[in-house]
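The values are calculated or read from the model by the stated rules, or taken from the named source; none is laboratory data. This is a predicted model, so every value here is computed, not measured. Neighbour counts run over all protein chains shown; Cβ positions are idealised from the backbone, glycine included. To get the accessible areas, we keep the full protein, side chains included, count just its heavy atoms, and leave off ligands, DNA and RNA. Shrake-Rupley method; radii C 1.70, N 1.55, O 1.52, S 1.80 Å.
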Amino acid sequence: GQSGRITRKEPISMSPAESTIARQLVVFVLGTEEYALPIQTVQEVIRFQHPRAVSSSDPSLLGVINLRGRIVPVHDVRPQLGIAHAPLPIVEPGEVEREADDDDEKIVLVNIDDRMAGVVVDDVSEVLNVEAQEFEDLPASGNSIVDGVVKSGERLIILLDPNVLTSLADGQSEPLVQ
């Protein structure tokens with residue numbers, strides 16, 4: 001008989017990254033796609049402010065902002081993710097600055113072990129509760145900043161690795177694009 005062969009689904013092996021992921025993600029928009037960071041690594045979201053340019057070998061570093069007396073590096077990860085976007089508007093002398101263009105842009109502040117970094121996003125959409133089984137690793141992406149993908153209904157949300165973002169701040173991390 002068939003009694004000895006109960007077909008059951010294989011248990012989903014949890015990678016260390018998955019088991020530590022909080023089930024809440026801060027979802028934000030870059031270009032036309034949705035991306036997310038674990039909520040426990042997001043300290044706050046602030047309105048976009050133009051960073052002070054600093055010399056850096058890291059192409060993603062836009063500059064630094066002063067956040068209540070603390071200097072925080074701000075990164076634009078869109079090039080690393082292959083997202084084309086309009087460059088930040090350069091205001092010509094005498095031209096009235098158009099507020100509408102980057103009005104929605106925000107800076108998501110990531111804080112891990114008191115290391116902070118900001119990421120420019122086009123907009124922040126929501127905080128999403130996700131189930132563990134909705135996470136999938138993307139081992140072949142070859143992009144260190146991408147941690148995995150979340151399937152939520154019809155949506156595919158790319159999960160970014162917050163540790164990569166904050167280690168950029170050290171100035172000694174590997175460049176993201178090999």
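Observations
- Of the candidates Q178, Q133, the single residue that is more than 13 Å from the chain's Cα centre (by Cα), part of a loop (DSSP other than H, G, I, E, B), surrounded by fewer than 17 Cβ atoms within 10 Å (Cβ to Cβ) and at pLDDT below 90 is Q178.
- Between E97, E105, the distinction of being closer than 12 Å to D122 by Cα, out of contact with any Lys or Arg (no Cβ under 7 Å at 6 or more places or on another chain) and either modelled with pLDDT under 90 or open to solvent by less than 80 Å² (accessible area, probe 1.4 Å) (or both) belongs to E105 only.
- S19, sole failed condition from (1) loosely packed, with under 13 Cβ neighbours inside 10 Å; (2) at pLDDT 95 or above; (3) of a type in the set (S, T, N, Q): (2)
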